[in-house]
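All remarks here apply to the structure that follows.
The values are calculated or read from the model by the stated rules, or taken from the named source; none is laboratory data. In this text, all values refer to a predicted model and were calculated from it rather than measured experimentally. As a convention, Cβ positions derive from the backbone with ideal geometry for all residues, glycine included, and neighbour counts pool all protein chains shown.
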Amino acid sequence: MNGNKTRESTERAAGTLFPNYRQFPVVFARGKGTRLWDTDGREYTDFVAGIATCNLGHCHPEVTKAICEQAERLVHVSNWYFSQSQIQLLDYLPAQAGLERVFFCNSGAEASEAAIKLARKRAYEKYGPGRSKIISLFRAFHGRTMKALMATDPHHHNIAFSPLPEGFVHINAGDVPTLEKFLPEACAVFLEVVQGEGGVHPIDPAFLKEVERLCKEYDVLFMLDEVQTGMGRCGALFAHQALGIKPDLMTLAKGLANGFPMGAVLAREEVAQTLGPGTHGSTFGGNPLACAAALATLKVLVQDALPSRARSIGLILRDALESLASERREIVQVRGMGLLLGLELAWPAADVARDLMKRGYLVTVVAGNTLRFTPALTITEEEIEGLMKVLGESITSAGGNS
Ligand SMILES: *Cc1c(COP(=O)(O)O)cnc(C)c1O
């Protein structure tokens, strides 16, 4: 496709979709590992990976093979029945997470929704009404359905969506006194280990430990949203495993099936018992195709020791970003864990991302000023060096001339 044709087709597509996204005018045709190619034949090095989703890289041969073989045998049956790939995944995933039970769904927001319903029902059945509050953090992101949205940072709560669901409160990370004030009326504390969408803010592990302890004391569920931090990205298969904490419940999506849509809620036996027959469900959740993709993804992650690779290569990217930050006044801070890294600028970062794209590098912007780097866990030192060769220039040409 030539440039004009690309512009024509992307404008037509943008004019047909709901206008809720602001796409770049690029059409991707193909991906392999850490690289993408557009329909004009341009190559990009991908530090987005479908937003922390294609953790093994694009079109990983094992995952592609699992999807193709499963698609030839059986794509979908209802949750009235089991399938072979679901049974195989059930033998693998909970054991890796150290949590006994799983509920499958199709996205992070659906996983949040299920977790919130479960927490409310558990507290109601144990203690009656009055312990329905979900405590989450400012800067949180838990998804876009109405309840997941209410657990998300209040700046996403649009009054035009009223009436908004009730029973959600937000505290600052580290604010133990306010946490203790809300705990007697709460059914769950719902947290990310690193707040990805909120600007790549890691939560202090000491605070997480304190939340875990207080949740036990008040019999409030300690629920971790590992939708973005999980599946090896932060240097452990699930980020909390690197911090010596253990949730009662954990949500997953994004990297779970390396780009095939899938979400999951994992929980302790006693907690999972809350959702008895008929209390919750999903038509597509845990279907044979998704389970085959997730099983292949998990096996490669574990066999190739990609979580520890995320830790070591993440340190290399982090050091490179830090050393750029030490030379540039317009860089406020470098933050993150493993290969979930953010570089905060003193001004909006959108133009830097746009400029980097022209130079063949894809990154995302979160919280306005922060460039976020979430490449496949297979990203190489050479690719990081390539990015670092242009990042400084991009910051300069986007307006940050110091
Ligand atoms: C992306 C994300 C979600 C929402 O996932 P969807 O699949 O878009 O619904 C929830 N929580 C966190 C931490 C996320 O990063």
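Right, L356: closer than 30 Å to L243 by Cα and either under 20 Å from the mean Cα position of the chain (by Cα) or touching a residue at least 12 places away in the same chain (Cβ under 8 Å) (or both) or not?
Taking the combined requirement at face value, the residue does not satisfy it.
Could you identify the single residue in L214, L164 that is part of a loop (DSSP other than H, G, I, E, B) and surrounded by fewer than 22 Cβ atoms within 10 Å (Cβ to Cβ)?
Result of the check over L214, L164: L164.
Is there any pair with a first residue in region 322-338 that is over 25 Å from R309 (Cα atoms) and free of Cβ contacts under 8 Å to residues at least 60 places away in the same chain and a second that is of a type outside the set (S, T, N, Q) and crowded, with 17+ Cβ neighbours inside 10 Å whose Cβ atoms are under 8 Å apart and which are 6 or more apart or on different chains, and what are they?
From residues that are over 25 Å from R309 (Cα atoms) and free of Cβ contacts under 8 Å to residues at least 60 places away in the same chain, the pairs are V332/E344; V332/L345.
Quick one: which strands (runs of 3 or more DSSP E) sit completely within region 21-89 and have at least 3 residues that are polar (S, T, N, Q)?
So the answer is none; nothing clears 3.
When L275 is evaluated against the numbered criteria (1) farther than 10 Å from C105 by Cβ; (2) within 16 Å of the ligand (Cβ to nearest atom); (3) of a type outside the set (G, A, S), which criterion, by number, is the only one it fails?
With respect to (1) farther than 10 Å from C105 by Cβ; (2) within 16 Å of the ligand (Cβ to nearest atom); (3) of a type outside the set (G, A, S), L275 is out only on (2).
From the list T297, T274, T279, T283, which one is part of a loop (DSSP other than H, G, I, E, B), among the polar types (S, T, N, Q) and buried (at least 20 other Cβ atoms within 10 Å of the Cβ)?
None of the other options fit; the residue is T274.
Per-residue answers, yes or no, for (1) within 11 Å of the ligand (Cβ to nearest atom); (2) within 15 Å of the chain's Cα centre (by Cα); (3) at pLDDT 95 or above:
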{"position": "L208", "(1), (2), (3)": "no, no, yes"}
{"position": "E212", "(1), (2), (3)": "no, no, yes"}
{"position": "R233", "(1), (2), (3)": "yes, yes, yes"}
{"position": "A253", "(1), (2), (3)": "yes, yes, yes"}
{"position": "G259", "(1), (2), (3)": "no, yes, yes"}
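If the requirement is being under 24 Å from T380 (Cα atoms) and over 19 Å from the mean Cα position of the chain (by Cα), which of these qualifies: A272, A320?
Result: A320 is the single residue among A272, A320 that is under 24 Å from T380 (Cα atoms) and over 19 Å from the mean Cα position of the chain (by Cα).
Report, ordered by the first and then the second residue, all pairs with beta carbons closer than 7 Å, sequence separation of six or more or different chains, a first member in region 206-227 that is farther than 18 Å from A140 by Cα and of a type in the set (A, V, I, L, M), and a second member that is more than 16 Å from the ligand (Cβ to nearest atom) and assigned to a helix (DSSP H, G or I).
L214/L179; L214/E180; L214/L183; V220/L183
Kindly establish whether T380 is buried (at least 16 other Cβ atoms within 10 Å of the Cβ), within 29 Å of Q241 (Cα to Cα), at pLDDT 95 or above and of a type outside the set (A, V, I, L, M).
Considered against the rule, which asks whether it is buried (at least 16 other Cβ atoms within 10 Å of the Cβ), within 29 Å of Q241 (Cα to Cα), at pLDDT 95 or above and of a type outside the set (A, V, I, L, M), T380 comes out as no.
If you take the residues of region 255-265 that are in contact (Cβ under 8 Å) with a residue 60 or more places away in the chain and touching a Gly at 6+ places or on another chain (Cβ under 9 Å), which of them is farthest from Q96 (Cα to Cα)?
G259
Can you name every residue in region 101-144 that is farther than 20 Å from G259 by Cα, within 13 Å of the ligand (Cβ to nearest atom) and not in a helix (DSSP H, G or I)?
Correct list: S136, L137, R139, A140.
Take region 62-89 and flag every residue that is closer than 28 Å to G33 by Cα and surrounded by 15 or more Cβ atoms within 10 Å (Cβ to Cβ).
Selection gives E62, V63, A66, I67, Q70, S85, Q86, Q88, L89.
Just the residues that are among the basic types (K, R) and either in contact with a strand residue (DSSP E or B) (Cβ under 6 Å, 6 or more places away or on another chain) or surrounded by fewer than 24 Cβ atoms within 10 Å (Cβ to Cβ) (or both), please, taken from region 217-266.
Once the filter is applied, which keeps residues that are among the basic types (K, R) and either in contact with a strand residue (DSSP E or B) (Cβ under 6 Å, 6 or more places away or on another chain) or surrounded by fewer than 24 Cβ atoms within 10 Å (Cβ to Cβ) (or both), region 217-266 yields R233, K246.
Can you tell me which residues in region 319-376 are of a type in the set (A, V, I, L, M, F, W, C), out of contact with any His (no Cβ under 8 Å at 6 or more places or on another chain) and part of a loop (DSSP other than H, G, I, E, B)?
Of everything in region 319-376, those that are of a type in the set (A, V, I, L, M, F, W, C), out of contact with any His (no Cβ under 8 Å at 6 or more places or on another chain) and part of a loop (DSSP other than H, G, I, E, B) turn out to be L339, A346, W347, A349, V363, A367.
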